[in-house]
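One structure below.
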2 protein chains.
Amino acid sequence: MPTRTLRPVRKSPPAALQRVPGLSYAALDEFVGFSLRRAQIASFADFYRGAAGSGLTPPRFTALLLVGGNPGLRQTLLGEALGIARSGAMLLTDWLEARGLVERRASPDDGRAWGLFLTGSGKRVLDAVKRRVGAEDRRRMQRLSLRERRQLKSLLERIAD
Amino acid sequence: MPTRTLRPVRKSPPAALQRVPGLSYAALDEFVGFSLRRAQIASFADFYRGAAGSGLTPPRFTALLLVGGNPGLRQTLLGEALGIARSGAMLLTDWLEARGLVERRASPDDGRAWGLFLTGSGKRVLDAVKRRVGAEDRRRMQRLSLRERRQLKSLLERIAD
DNA sequence: TATTGTTATACTCTATAACTATA
DNA sequence: TATAGTTATAGAGTATAACAATA
């Protein structure tokens, strides 16, 4: 059994591109990627507002959602889904387990692997954060009509790989 | 004058959410934020493809674009535009200066401040990378019709703060 | 031999806080 | 006093590589 070190809570959201008044952004506005990035940063800010106090970050929240939707998920697969190395998936799982949100259970069919499961507390925390983050997500999207929201989502899916 | 330490070139793009076949993503798909994030990650991948070999990262590229479009830009303002602390803006400027892409000139009206300017080499590198990254950006967007591209950009601007 | 999880280590980017020199 | 830039230091998240146990 490994050492379960509790990693501290993140204090503030990551860097954010800002529109500073008086500066020329003409060169940036040629790229759709910049609009995408700025919208995505706004969405991250929503997340941090909704997840405030939970200690969750986007990868941790995503991990909880994935474990919740795929009980018995293995760390390697979790890492793959998150696009991080196995070692990182382990540290992430350590953090979630130390906080009592996720449980490692020995895999019945593979002695090398763990199956990951939400604990009762993990389910409650996930539900609460999901509700609050979801509310923030919908609040921002209410700037658009229902039709525009569907359009945006469909366009985004088409340009994502 | 500070020490101008040359920071190494980034090897690989940052983490990327992946659709792993067989996993349930139902819980994630409730959030527009996830579509946004996945599309944005794809756009980052485009950037790293286009900027390959240049050592540029998204913040460094953005910094070059901003200095190019705002000659004499001060570090503090650059940091603000990028959403990073002054100290970070300095390290970033150090990197760009050590690579000969950007020049610090004493500000004529304020003895404390630098004005940032692209060097000849900086202009050439920026032009080349801009062209290649722009091509990648447009290549992805060609999955959409012209009308859809305009729509996407407009929708993104409306949900960004 | 290959894979799962783990450990050790290092690197990148960021922040905070204290310093200096100018304003 | 306040601001621009700098320095020192630390933290968070990532990667790579080597290891043990199991497949």
_Check on residue A:34, crowded, with 17+ Cβ neighbours inside 10 Å and either over 13 Å from the mean Cα position of the chain (by Cα) or over 26 Å from residue A:158 (Cβ atoms) (or both)_ = yes
*What residue, among those in segment A:82-100 that are under 15 Å from the mean Cα position of the chain (by Cα) and away from DNA strand C (no atom under 12 Å from the Cβ), is surrounded by the most Cβ atoms within 10 Å (Cβ to Cβ)?*
A:82
_Test: residue A:40 is closer than 25 Å to residue B:32 by Cβ and either within 7 Å of chain B (Cβ to nearest Cβ) or touching a strand residue (DSSP E or B) at 6+ places or on another chain (Cβ under 7 Å) (or both)_ = yes
_Test result for residue A:60, of a type in the set (Lys, Arg) and touching a helix residue (DSSP H, G or I) at 6+ places or on another chain (Cβ under 8 Å)_ = yes
*With A:139, A:49, A:105, A:74 as the choices, which residue is over 16 Å from residue B:27 (Cα atoms) and touching a Lys or Arg at 6+ places or on another chain (Cβ under 9 Å)?*
A:49
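Where in segment A:67-161 are there helices (runs of 4 or more DSSP H), lying wholly inside it, with at least 1 residues that are among the aromatic types (Phe, Trp, Tyr) and at pLDDT 95 or above?
Passing ranges, in order: A:86-98.
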_Within segment A:128-145, does at least one residue satisfy the condition of being within 15 Å of DNA strand C (Cβ to nearest atom) and crowded, with 19+ Cβ neighbours inside 10 Å?_
no
*Cross-chain or 6+ apart pairs with Cβ under 8 Å, segment A:43-55 first and more than 7 Å from chain B (Cβ to nearest Cβ) and without any contact (Cβ under 8 Å) to a residue 60 or more places away in the chain, then surrounded by fewer than 18 Cβ atoms within 10 Å (Cβ to Cβ) and aliphatic (A, V, I, L, M)*: A:44/A:16; A:45/A:16; A:55/A:9
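The values are calculated or read from the model by the stated rules, or taken from the named source; none is laboratory data. Nothing here was measured: the structure is a model prediction, and the numbers come from that model. No Cβ is skipped: glycine too gets one built from the backbone with ideal geometry, and neighbour counts run over all protein chains shown.
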